[in-house]
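The structure appears below as structure tokens.
The values are calculated or read from the model by the stated rules, or taken from the named source; none is laboratory data. This structure is a prediction, so every number in the text was calculated from the model and none was measured. So basically every Cβ, Gly included, is an ideal-geometry build from the backbone, and we count neighbours across all protein chains shown.
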């Protein structure tokens, strides 16, 4: 009975991890490809920033739940696989790489959100002063974008492109690790670990 509950626990953790990764990756791609670019359809520069900021702010709780699911379920899967990590060749490195890209992706997500907040604050200040403001879209400045806003737009754009790259790398590494659960691959990895070089 204990073996069944342990297997069920692994399945649940894997499902939570994978669903969290899907939300994180898919939402970040949609945001970069859709939300940020949709501002180009608007006439007012301030509205271009406001619409994107509003959409990202509304998605942020869902995105952070996805990231939390990846980090928490990933920790659980790592704990459940500690024996394999120790003895199966290459699994420890792949697990460490997956943890590193998950943490780096969470950091990039946080920095992108912080940058978006700064862009919104600076844009509102420009408008309050009555200065001219325009931008190509939420993250791409043009000649009428004040330099202090343009700097944060560039920072946000880099961070927002890093997020799906890192979230996608997490998914790829997860697929690699999952495929190494197969009995033949596991036995070959253990044998390779103990075979003299």
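Applying a threshold of 7 Å to beta carbon distances and a minimum spacing of six or more residues, or different chains, the list of pairs starting in segment 85-108 at a residue that is within 28 Å of residue 63 (Cβ to Cβ) and ending at one that is modelled with pLDDT under 85 reads 95/85. Hey, any hits in segment 91-110 for a residue that's over 20 Å from the mean Cα position of the chain (by Cα), surrounded by 15 or more Cβ atoms within 10 Å (Cβ to Cβ) and over 26 Å from residue 144 (Cβ atoms)? Yes: segment 91-110 contains one or more residues that are over 20 Å from the mean Cα position of the chain (by Cα), surrounded by 15 or more Cβ atoms within 10 Å (Cβ to Cβ) and over 26 Å from residue 144 (Cβ atoms). Exactly one residue out of 94, 113 is at pLDDT below 95, in a helix (DSSP H, G or I) and closer than 19 Å to residue 21 by Cα: that is 94.
Yes or no: residue 106 farther than 28 Å from residue 125 by Cα, at pLDDT 95 or above and either assigned to a helix (DSSP H, G or I) or touching a strand residue (DSSP E or B) at 6+ places or on another chain (Cβ under 9 Å) (or both)?
Values: farther than 28 Å from residue 125 by Cα: yes; at pLDDT 95 or above: yes; either assigned to a helix (DSSP H, G or I) or touching a strand residue (DSSP E or B) at 6+ places or on another chain (Cβ under 9 Å) (or both): yes.
Spelling it out, residue 106 is indeed farther than 28 Å from residue 125 by Cα, at pLDDT 95 or above and either assigned to a helix (DSSP H, G or I) or touching a strand residue (DSSP E or B) at 6+ places or on another chain (Cβ under 9 Å) (or both).
Would you pick out the residues in segment 36-56 that are surrounded by fewer than 22 Cβ atoms within 10 Å (Cβ to Cβ) and in a helix (DSSP H, G or I)? Walk me through how you get there before you give the answer.
Here is the first cut: in segment 36-56, the ones surrounded by fewer than 22 Cβ atoms within 10 Å (Cβ to Cβ) are 37-38, 40-44, 46-47, 50-51, 53-55.
Within segment 36-56, 37, 38, 40, 41, 46, 47, 50, 51, 53, 54, 55 meet the criteria.
Do you know which residues across segment 116-145 are outside any loop (DSSP other than H, G, I, E, B) and either touching a helix residue (DSSP H, G or I) at 6+ places or on another chain (Cβ under 6 Å) or closer than 12 Å to residue 39 by Cβ (or both)?
Matches in segment 116-145: 116, 118, 119, 120, 122, 123, 127.
Going by the conditions given, is residue 163 part of a helix (DSSP H, G or I) and either more than 25 Å from residue 73 (Cα to Cα) or in contact with a strand residue (DSSP E or B) (Cβ under 7 Å, 6 or more places away or on another chain) (or both)? No, not satisfied.
Considering segment 141-156 alone, what residues qualify as being free of Cβ contacts under 8 Å to residues at least 24 places away in the same chain and buried (at least 16 other Cβ atoms within 10 Å of the Cβ)?
Initially, segment 141-156 is screened for residues free of Cβ contacts under 8 Å to residues at least 24 places away in the same chain, giving 141-143, 147, 150-151, 154.
Hits for segment 141-156 are 141, 150, 151.
Rundown of residues vs (1) out of contact with any helix residue (DSSP H, G or I) (no Cβ under 9 Å at 6 or more places or on another chain); (2) exposed (fewer than 13 other Cβ atoms within 10 Å of the Cβ); (3) assigned to a helix (DSSP H, G or I), yes/no style:
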{"residue": "11", "(1), (2), (3)": "yes, yes, yes"}
{"residue": "15", "(1), (2), (3)": "no, yes, yes"}
{"residue": "30", "(1), (2), (3)": "no, no, yes"}
{"residue": "58", "(1), (2), (3)": "yes, yes, yes"}
{"residue": "64", "(1), (2), (3)": "no, no, yes"}
{"residue": "67", "(1), (2), (3)": "no, no, yes"}
{"residue": "85", "(1), (2), (3)": "no, no, yes"}
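Residues that are modelled with pLDDT under 95, under 18 Å from the mean Cα position of the chain (by Cα) and surrounded by 18 or more Cβ atoms within 10 Å (Cβ to Cβ) within segment 158-180 comprise 173, 174, listed in sequence order.
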